[in-house]
Amino acid sequence: MPKSVSGYTLTHTAGRLRADAAILGSCLILSSLARLALFVEQGLTARETALSLLRHVRIEGSLLLAAFGFLAALRFAAGRFQSHGLARRFAGALAFTVLAIPLATALLYVVDLPVYRGFRLHLDQRFLWYAGELGQIGDMLWKEAHFHPTEWTLLGLWLVTIGLAPLAAPLQSRLAARIGERRLARAFAGAGAAIVAYLAVAHALHVADIVRTPKAFIHLSDNLLIRFVRVAHQTRDLRNYPTPEPGDRDKVLSWLGVESVQVAGEGILHTPAGVASRIRGRYKTYNLVFLILEGVRAREIGALWDRSGPSPTPFLDQLAQRGVLFSRFYASSVQTIRGLVSSFCSTPDFHGERLLKIAPHTRLTCLPELLIARGYDTAFVYGGDISYDNMYAFFSRQGIRRFSGYESFPRSAPRFSWGVHDEATLGAFAGVLDGLNEPFVGITLTLSNHSPYEAPAPFRVDAESIEERYRSTVRYTDDTLRRFFERVRERPFFRHTLFAIFADHGMSFDAEGAGVLAGLGEENMRIPFLLYAGDESLQATPDDTLGGQIDIAPTLADLLGLETDTPWWGRSLLTSASDRFAYFSTPFGEAPIALVEADRKLTYTFGTDEYRTTFTGGFSEEPVTDAEEAIAPMRDRLWTIYRLSNYLLATNRLTEP
């Protein structure tokens, strides 16, 4: 006779636990199969798929093992409180909830695959934001998501699991009666020991950094439910926005050259007036190509300063002699998606979690959508995961419909941990441009100059210095640009195409050589911005006009002759407007914000509540001590921009009339 615990048999409890283990194991198998299908859909190589799947199993298996431990405690508690009806029912209800969560999460994994295929989004809170705008979630899934036989099969397996879940305990009892209680117990114990051993080894390899999941796909192997909760938590930044002070809006409009009486409401929606350059509209019929360089800081551009050794960018140096290179140009922040928002939509960076990551419903007015309204064809090509940081959603909301991402490249394309190397990306981009109808706007973002800075041969260097490896990938990217221009120079569209070449952000390194995102020094924020016309009609000169990424869209709109209401914060760099400034920020570290005017930079650090004034004449900074009355106007402008921009972005009022 089996031993009894308060009238409840250990045999019965063990049977319920075996049933629970079978259900949780089915959830792990379902989620792993769904993720495997997604990795194949993404075009991952066999190695990348294996590493990503191992990470998923490690994370998901650990969570399910913890759930099983909690269930074991509940089952034994239910046995001990067998005579206490209320306590037993509570323990049973809690156990049911613990089982329901993995089953629901397994369904999320199954549905996530067609959602990604249809929207390039994943099933976290960002998808629900889009669903709130586009209609009911079910209607979206039915009309837009692409269910293939793989998903229908997985969905069928999930339904079978749900159907068998209530029968798991009786079925295992019959199995125990047929093959023997002890034999069944040993089988489950052996399987459990194997799983625990795998998780222990997997965690050890992870801690020792021996097995590395490709960084571009780490987010794909995360637990979906945890991702959902994490994104919901990140929205706290939207609730902690600053409140503008009276007069903030009028100050910003006056800096933009707009009378406040022309603009009603809380936003800054306006038509740029009286700021046209002398060449406004000269390129009205031209195509527009954006070449966005990952992490290239201005000090690497030989044309911008004298260096003792050879320049890492000989091709860009030559191109600068036939175009306009802005020598005092700043990024808005230190992450790619932040730079994209500022560059295309002329808005300061949101000082918190990435805005397009936590609030993709934010209404912005961006240059591509204005060009699409004028009949431009469009395309975006990227060597990584185009859903990363909501890039796909960002560009698709502007009307771009032609995308090429990591999955579009052949498996033979040279790759590294973040995606496809630049030679393949720019080669594919040149081919995509050939297929566009004129006029068109083509956008590409390079990737090779991202850590761990592993350039292909012959540019690769095996130096211990991370900065030396960084410089080698800059050389490689510059050479791929040379090859790209050699190819497109022979195309019919080349002579009537404008090329805008700029970086998403800069890069700095600490004394140990590690990359630093927390500061707002010149190396992090100072980036190149080069305008080049295929017919070389732009005046070839270095331009020391102070500007930032918020000025890119207005500058190009000026050249293309666009006149429309926009809530843009920037101004054309080709005008003679005075009183220019560059504003930028980072939420990392001590979360500083900064403003550059003339040759002065004013930085405020939230973490230490300190101001710092520096001289920015070169690529290094020198602390200066200015009188309070000299700094007061800069301090006022810094806080005005910070308060009003973050308020309008957080409350989604940027485009309000």
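The values are calculated or read from the model by the stated rules, or taken from the named source; none is laboratory data. For clarity, every value in this text was computed on a predicted model and none was experimentally measured. Cβ placement follows ideal geometry from the backbone for every residue including glycine, while neighbour counts extend to all protein chains displayed. Just so you know, the surface numbers come from the protein's heavy atoms only, side chains and all, with ligands and any DNA or RNA stripped out. Shrake-Rupley method; radii C 1.70, N 1.55, O 1.52, S 1.80 Å.
Results, tabulated for the structure shown:
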{"item": "Enumeration of residues in the range 544-586 that are among the acidic types (D, E) and open to solvent by 30 Å² or more (accessible area, probe 1.4 Å)", "result": "D544, E563, D565, D579"}
{"item": "Residues located in the range 409-423, provided they are assigned to a helix (DSSP H, G or I) and open to solvent by 10 Å² or more (accessible area, probe 1.4 Å)", "result": "E423"}
{"item": "Filter pass, L54 being under 29 Å from P410 (Cα atoms) and either at pLDDT 75 or above or open to solvent by 60 Å² or more (accessible area, probe 1.4 Å) (or both)", "result": "yes"}
{"item": "Residue in the range 469-488 that is over 25 Å from G427 (Cβ atoms), open to solvent by 40 Å² or more (accessible area, probe 1.4 Å) and not acidic (D, E) present", "result": "no"}
{"item": "Test for D565: is it over 26 Å from L325 (Cβ atoms) and charged (D, E, K, R)", "result": "yes"}
{"item": "Some residue of the range 321-339 being among the polar types (S, T, N, Q), within 21 Å of D479 (Cβ to Cβ) and open to solvent by less than 20 Å² (accessible area, probe 1.4 Å)", "result": "no"}
{"item": "Considering residues of the range 601-612 that are surrounded by 15 or more Cβ atoms within 10 Å (Cβ to Cβ) and of a type in the set (S, T, N, Q) only, the residue farthest from T564 (Cα to Cα)", "result": "T605"}
{"item": "Selection count where residues are over 30 Å from T497 (Cα atoms), within 34 Å of the chain's Cα centre (by Cα), part of a loop (DSSP other than H, G, I, E, B) and at pLDDT 85 or above, scope the range 234-289", "result": "3"}
{"item": "Of all residues making up the range 364-396, the number that are of a type in the set (A, V, I, L, M), touching an Asp or Glu at 6+ places or on another chain (Cβ under 9 Å) and open to solvent by 10 Å² or more (accessible area, probe 1.4 Å)", "result": "0"}
{"item": "Some residue of the range 502-511 being under 24 Å from the mean Cα position of the chain (by Cα), surrounded by fewer than 23 Cβ atoms within 10 Å (Cβ to Cβ), within 26 Å of T285 (Cβ to Cβ) and not charged (D, E, K, R)", "result": "yes"}
{"item": "Long-range neighbours under 7 Å by Cβ, at least six apart or interchain, first residue of a type in the set (K, R) within the range 33-59, second not in a helix (DSSP H, G or I)", "result": "R55/T213"}
{"item": "Which numbered condition R580 misses (of (1) within 13 Å of S346 (Cα to Cα); (2) part of a loop (DSSP other than H, G, I, E, B); (3) among the charged types (D, E, K, R))", "result": "(1)"}
{"item": "Conditions (1) surrounded by 14 or more Cβ atoms within 10 Å (Cβ to Cβ); (2) closer than 30 Å to F499 by Cβ: number failed by F615", "result": "(2)"}
{"item": "Check on A77, under 30 Å from R411 (Cα atoms), open to solvent by less than 50 Å² (accessible area, probe 1.4 Å) and either at pLDDT below 75 or assigned to a helix (DSSP H, G or I) (or both)", "result": "no"}
{"item": "Residues located in the range 619-641, provided they are open to solvent by 30 Å² or more (accessible area, probe 1.4 Å) and within 33 Å of the chain's Cα centre (by Cα)", "result": "F619, S620, E621, R635, D636, W639"}
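Conditions tested, residue by residue: (1) over 25 Å from A298 (Cα atoms); (2) open to solvent by 10 Å² or more (accessible area, probe 1.4 Å); (3) in a helix (DSSP H, G or I); (4) of a type in the set (D, E).
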| site | (1), (2), (3), (4) |
| --- | --- |
| G399 | yes, yes, no, no |
| E407 | yes, yes, yes, yes |
| T425 | no, no, yes, no |
| A428 | yes, yes, yes, no |
| L433 | yes, no, yes, no |
| N437 | yes, yes, no, no |
| G442 | no, no, no, no |
| N449 | no, no, no, no |
